[in-house]
């Protein structure tokens with residue numbers, strides 16, 4: 001019996017090259033994206049197994065790499081060499097001792113050559129599998145590289161053609177690309193600078209000569225690099241929120257979303273055989289993305305002094321072995337931690353692998369399993385929508401795409417649903433339209449002969465003659481004659497405070513309807529979480545601030561309009577929105593993404609139309625010139641900003657006074 005137990009223990013040690021086995025409980029939480037784009041906690045995706053190579057004299061592991069055979073290579077800047085270990089974690093060789101000074105990056109190509117980036121020596125060394133130094137690649141002497149450009153290799157990778165890609169500290173021109181003999185080929189995958197409103201204004205109002213003299217912001221330098229099985233290069237950049245992770249094509253262009261993450265402390269990246277990306281941050285968190293850049297999991301964390309597995313003090317490198325295990329180096333603690341995927345993450349990975357190949361129906365069973373464990377997993381709902389779409393179950397596909405906030409998938413499914421409805425009902429629709437026109441023109445001809453509509457016309461005229469109704473219908477005069485209409489509004493009293501108030505109420509109702517009942521495709525992101533009170537404040541605060549501030553500014557600047565005129569004129573200036581917002585909202589529910597220009601163009605026309613009428617309102621109500629009107633508008637906007645700042649400051653002061661008084665009362669109660 002004892003021999004059996006001993007045999008099982010030895011077998012477990014061989015199969016799992018770690019010094020301890022983690023329990024089901026982990027010291028960190030795992031997060032993912034929900035269907036509405038929010039971070040939520042989910043089932044554990046990776047569990048820490050233990051540490052790798054515990055008996056090796058590792059002091060400051062900077063980088064880690066696995067070759068095709070599963071051998072492990074660790075660049076240790078503290079030990080000044082590269083450790084080589086087999087699958088079990090047993091050290092089999094030490095490379096570069098006496099040659100390397102500060103190895104910070106390691107890569108092994110398909111032929112078994114070991115490339116090491118040495119920061120102190122400012123070189124990339126190439127060793128054979130036996131540890132023999134074969135070549136050194138120092139600073140390129142090409143004039144294209146630049147004499148003043150520094151060359152501080154930090155990381156290195158090699159493609160199948162033998163081209164060497166070097167991450168050099170501070171290389172704002174991008175990744176240094178060398179041939180297999182060290183010839184400089186150029187820079188690759190340069191980062192872009194983040195556009196800002198300030199830079200836009202500067203470019204708009206400065207000449208070419210002034211632009212040349214201005215300080216030009218340089219792009220950030222990439223910090224780490226990886227290559228996948230297809231030869232695609234990946235890079236991570238620290239200290240920026242723009243293109244922090246890049247997947248580069250042959251031309252060096254990024255294939256991922258520029259805003260893939262707002263994390264600014266990524267240290268290293270690794271890619272598995274399915275194209276899934278694993279990125280480790282200095283915070284200790286590990287981010288996993290699929291090959292399209294969709295976030296899958298965030299796990300791990302910063303060591304709180306307890307030295308628990310799964311937490312890090314200074315993570316530096318990350319790698320994946322052929323079996324899918326994850327390895328992360330901790331430079332400060334001098335160890336390498338091992339993670340293994342759970343059953344939950346394996347279901348996600350299996351679904352993604354099939355989904356990426358377009359085998360949506362086959363992936364469905366995996367996504368169903370994922371949703372059984374976490375019904376809010378956003379990517380799973382999008383994949384399920386694709387599976388239903390492939391099976392031509394467009395109704396259920398609509399539901400899944402809507403739940404996943406997948407606008408494009410929803411649009412494709414809705415097009416199919418709309419097409420099927422039109423095939424069934426188009427004949428009836430055309431018949432009703434033709435019948436309507438026949439009836440319309442028939443009644444028109446009959447009325448010319450028999451005057452059958454004279455009675456209804458008289459009743460309509462009598463109805464329109466009522467003062468309040470006439471004031472409300474006066475709204476339509478602003479479409480044809482806005483300038484004359486404001487004259488009648490001010491001089492002839494064609495509108496009243498009562499009619500204006502009714503129109504304000506109508507505006508509020510229409511705004512709420514348009515905000516909550518616009519078609520899903522055109523609905524602002526996160527609208528399902530919008531509150532009624534919040535939406536009312538978004539409308540009413542700027543609207544009434546404009547009325548009040550414009551009246552005050554106009555009073556100071558010799559404007560003739562009274563507060564009543566500004567109050568009435570403002571709502572009548574919004575006539576296009578009041579008249580057309582509901583029809584456009586209804587239309588948005590029957591359009592697909594391919595017809596988005598119809599909705600977007602209509603909305604922009606309405607807003608522009610309202611602004612033009614509002615301009616005429618200020619000019620005519622206050623009897624201003626064009627220049628006076630522009631100045632009045634700018635002062636009004638400035639006054640609105642100042643008013644908001646004042647309200648904010650007052651609110652903060654009141655909150656502080658409340659906290660102070662509450663603290664005093666609490667202290668008195670405790671002492672008494």
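Counting beta carbons within 10 Å around each of 412, 274 and listing the fewest first gives the order 274, 412.
In plain terms, the residue of 325, 562, 491, 671 with the fewest other Cβ atoms within 10 Å comes first and the most crowded comes last, giving 671, 491, 562, 325. With a ≥ b ≥ c the root eigenvalues of the C-alpha gyration tensor of the range 453-654, is it rounded (a/c under 1.5), prolate (a/b larger than b/c) or oblate? Verdict is oblate for the range 453-654.
Using the alpha-carbon atoms, what tilt in degrees (0 to 90, nearest 10) does helix 626-671 show relative to the longest principal axis of the chain? Taking the Cα atoms of the chain, the angle to 626-671 is about 60 degrees.
Going by neighbour counts of Cβ atoms within 10 Å, the residues 468, 373 line up, fewest first, as 468, 373. Using the average count of surrounding beta-carbon atoms within 10 Å as a protection proxy, the listed peptides 419-425, 509-515 rank, highest first, as 509-515, 419-425. Length gained on full extension, residue 415 to residue 307: 33.3 nm, using 0.36 nm per residue less the C-alpha separation. With both labels modelled 7 Å from their Cα along Cα-to-Cβ, the residue 147 to residue 130 distance reads 4.3 nm. Calculated FRET efficiency, residue 460 to residue 539, Cβ-Cβ distance, R0 = 45 Å: about 0.85 to the nearest 0.05. Relative to the longest principal axis of the Cα atoms of the chain, the long axis of helix 343-356 makes an angle of roughly 70 degrees. Determine the shape class of the range 410-500: with a ≥ b ≥ c the square roots of the Cα gyration tensor eigenvalues, call it rounded for a/c under 1.5, and otherwise prolate if a/b is greater than b/c, oblate otherwise. Oblate, since a/c reaches 1.5 and b/c is not below a/b. Ranked by the mean number of other Cβ atoms within 10 Å of their residues, highest first, the peptides 278-289, 495-506, 149-160, 250-261 fall in the order 278-289, 149-160, 495-506, 250-261. Shape of the range 46-349 from its Cα gyration tensor (a ≥ b ≥ c, root eigenvalues): rounded if a/c is under 1.5, otherwise prolate when a/b > b/c, or oblate? It comes out oblate by the Cα gyration axes.
Relative to the longest principal axis of the Cα atoms of the chain, the long axis of helix 596-622 lies at roughly 50 degrees. Which whole-angstrom value gives the distance between the alpha carbon centres of the range 281-315 and the range 140-166? If you average the Cα positions of each part, the centres end up 30 Å apart.
Our helix-only sum for the chain, with -39,500 (n - 2.57) per DSSP H run of n ≥ 4 divided by its residues, gives a mean residue ellipticity at 222 nm of -15000 deg cm²/dmol.
Just so you know, all these numbers are worked out from the coordinates, no wet-lab data involved. Please read all numbers here as calculations on a predicted model, not as lab measurements. Note that each Cβ is placed from the backbone with ideal geometry, even for glycine, and that neighbours are counted across all protein chains shown.
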